[in-house]
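**Student:** First, the structure itself, so that you have it in front of you.
No lab work stands behind these numbers, since they all come straight from the coordinates. Given the structure is predicted, the values throughout are model-derived calculations rather than measurements. No Cβ is skipped: glycine too gets one built from the backbone with ideal geometry, and neighbour counts run over all protein chains shown.
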Amino acid sequence: MTRRILIVEDETILMMVVAMAFEDHGFEVVTAPNGRRGLEAARTASIDAIVTDYMMPGLDGLEMLQALREEGVNTPAIMITAIPQDQLGLQGKPPFDRYMTKPYDEEQLVTTVKTMLDG
């Protein structure tokens with residue numbers, strides 16, 4: 001069974017590089033250029049995992065994941081950002097399952113998602 005991943009990233013080239021890494025490992029990839037489009041995709045498509053950037057114009061990745069969690073969507077998610085997790089100012093349980101800081105290796109990201117899904 002092919003797994004479908006949602007990649008939410010406002011930097012087009014980075015989004016394409018990450019998408020290609022997942023496609024090379026047999027994932028079906030859905031992309032969104034911002035949090036609002038990511039929210040729509042997560043609501044309408046059957047998604048197995050979400051990889052999202054934090055800082056994006058409009059609705060950021062954290063707000064997107066919080067909205068999904070409030071709606072009862074518990075799709076495994078990885079937040080990616082250059083900001084250390086302890087500086088995000090989170091209250092309570094974070095809306096993501098894993099956290100990665102930039103810069104990161106695409107192969108490491110794919111491995112992390114596979115581990116999270118097989119967990």
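**Student:** Please sort through the DSSP H helices of the chain and keep those with an alpha-carbon extent of at least 15 Å along the long axis and a Kyte-Doolittle average not below -1.0.
**Tutor:** Helix filter hits for the chain: 12-24, 106-118.
**Student:** Further question on the same structure: Quick one: dipole size for the chain, taken about the Cα centre, charges +1 on Lys/Arg Cβ and -1 on Asp/Glu Cβ, in debye to the nearest 20.
**Tutor:** Around 300 debye, computed over the chain.
**Student:** The stretch 19-105: D in µm²/s via Stokes-Einstein (Kirkwood Rh, Cα pairs, 25 °C, 0.890 mPa s)?
**Tutor:** Details: Rh = 13.4 Å.
Using the Kirkwood radius from Cα pairs, D works out to 183 µm²/s.
**Student:** Among Ile47, Ile78, Ile13, whose mean-square fluctuation peaks in a Gaussian network model of the chain (Cα, cutoff 10 Å)?
**Tutor:** In the Gaussian network model the winner is Ile13.
**Student:** Right, next: Based on the Cβ-Cβ distance of Gln91 and Thr44, what FRET efficiency does E = 1/(1 + (r/R0)^6) give at R0 = 30 Å, to the nearest 0.05?
**Tutor:** Values: r = 29 Å, r/R0 = 0.97.
Once rounded, the FRET efficiency stands at 0.55.
**Student:** Another question about this same structure. For Cα pairs less than 8 Å apart in space and 6+ apart in sequence, what is the mean separation divided by the residue count of the chain, i.e. the relative contact order in percent? All intermediate terms of the calculation are to be shown ahead of the outcome.
**Tutor:** Details: 192 pairs, mean separation 28.7, N = 119.
After rounding, I find 24 percent.
**Student:** In what order do Thr52, Thr44 fall by count of nearby beta-carbon atoms within 10 Å, going from fewest to most?
**Tutor:** On the way: Thr52 24, Thr44 9.
Placing the least packed residue first, the sequence is Thr44, Thr52.
**Student:** Further question: Under 1.5 on a/c is rounded, so check that first for the stretch 70-112, then, if it is not, pick prolate when a/b is larger than b/c and oblate when it is not; a ≥ b ≥ c are the square roots of the alpha carbon gyration tensor eigenvalues.
**Tutor:** Verdict is oblate for the stretch 70-112.
**Student:** Calculate, in nm to one decimal, what Arg3 and Gln66 gain on full extension: separation in residues at 0.36 nm each, minus their alpha carbon distance.
**Tutor:** 20.4 nm
**Student:** Right, here's the next one. Post the alpha-carbon centroid distance, the stretch 45-76 to the stretch 1-40, in whole angstrom.
**Tutor:** 13
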